[in-house]
Amino acid sequence: MDVTDMTDITKTIVREIESESLGMRKVCAKLVPKMLTEDQKARRVETCQELLDTCEDNPAFLDDVITGDESWINELQSE
């Protein structure tokens, strides 16, 4: 749930408050390769299978997983 879900404020206004009032900016630090090698594909399959197995053994496992596709950080500016 994000701020727009909890209030009547639009995403545009929330982004404006975050950037102008709070001094935050969007940061992207993750690159995802478009072309994977066979080893990379195999490792992804292994990892997914391990996660599925873990979920079967412990259904509450996903309650502790945090995901996201963007990050906001407060940029401190020295005076």
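Quick notes on this one:
- Looking only at residues in the range 1-60 that are modelled with pLDDT of 80 or more and in contact with a helix residue (DSSP H, G or I) (Cβ under 6 Å, 6 or more places away or on another chain), the one that is surrounded by the fewest Cβ atoms within 10 Å (Cβ to Cβ) is Lys11.
- A Cβ distance below 8 Å, combined with a sequence gap of six or more or placement on separate chains, defines the contacts here; from the range 19-45, residues that are at positive phi reach no residue that is at pLDDT below 85 and in a helix (DSSP H, G or I).
The values are calculated or read from the model by the stated rules, or taken from the named source; none is laboratory data. Since the model is a prediction, treat every value here as computed from it, not as a measurement. Cβ sites come from the backbone with ideal geometry, for glycine too, and all protein chains shown count toward neighbours.
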